[in-house]
1. Using packing as a proxy for protection, rank 46-52, 4-10 so that the peptide with the highest average count of other Cβ atoms within 10 Å comes first.
2. Once both axes come from the Cα atoms, what is the angle between helix 8-30 and the longest principal axis of the chain, in degrees from 0 to 90, rounded to 10?
3. Consider just the alpha-carbon atoms of the chain and return their Rg together with their Dmax, both in angstrom.
4. How would you rank 19-26, 55-62, 37-44, highest first, on the average number of other Cβ atoms within 10 Å across their residues?
5. If you fit an axis through the alpha-carbon atoms of helix 68-102 and take the longest principal axis of the Cα set of the chain, what angle between them do you get, 0 to 90°, nearest 10?
6. To test your reading of the geometry: what angle, between 0 and 90 degrees and rounded to tens, separates the Cα axis of helix 37-60 from the longest principal axis of the chain?
7. If each residue of separation counts as 0.36 nm, what is the full-extension length gain between residue 62 and residue 21 once their alpha-carbon separation is subtracted?
8. Divide by every residue of the chain the summed helix terms, -39500 (n - 2.57) for each DSSP H run of at least 4, and state the resulting mean residue ellipticity at 222 nm, rounded to the nearest 500 deg cm²/dmol.
């Protein structure tokens, strides 16, 4: 099954890269402090590694006969999920760190 003319794995990489890029862009636009490129790269790599697994899992269960609009809706939903996954991962890491300090 091709996704917008791309092989599923290539499509998964493209979807993940777009989602992570949006996440980084949104973080930069919301931020008022200094821009730390090392922190951005580290955050982006973590988000990519976590997100690619989600995208591959989702794409692997899609039926092959989806119409363009339905497929587009699913792809945009995946990108939106990825754009928010970075903040979810950071929140989880902060919660674990906080819980460890309380022990």
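Derivation of every value follows stated rules applied to the coordinates shown; laboratory data play no part. Fair warning: this is a prediction, and the values are worked out from it, not measured in the lab. Ideal geometry is used to build each Cβ from the backbone, glycine not excepted, and the neighbour counts take in all protein chains shown.
1. The packing order, highest mean first, is 46-52, 4-10.
2. Orientation of helix 8-30: about 40 degrees from the principal axis.
3. Computed over the Cα atoms of the chain, radius of gyration and Dmax are 16.0, 52 Å.
4. 19-26, 55-62, 37-44
5. That helix lies at roughly 20 degrees to the long axis.
6. 40 degrees
7. 12.3 nm
8. So the calculated ellipticity at 222 nm is -28500 deg cm²/dmol.
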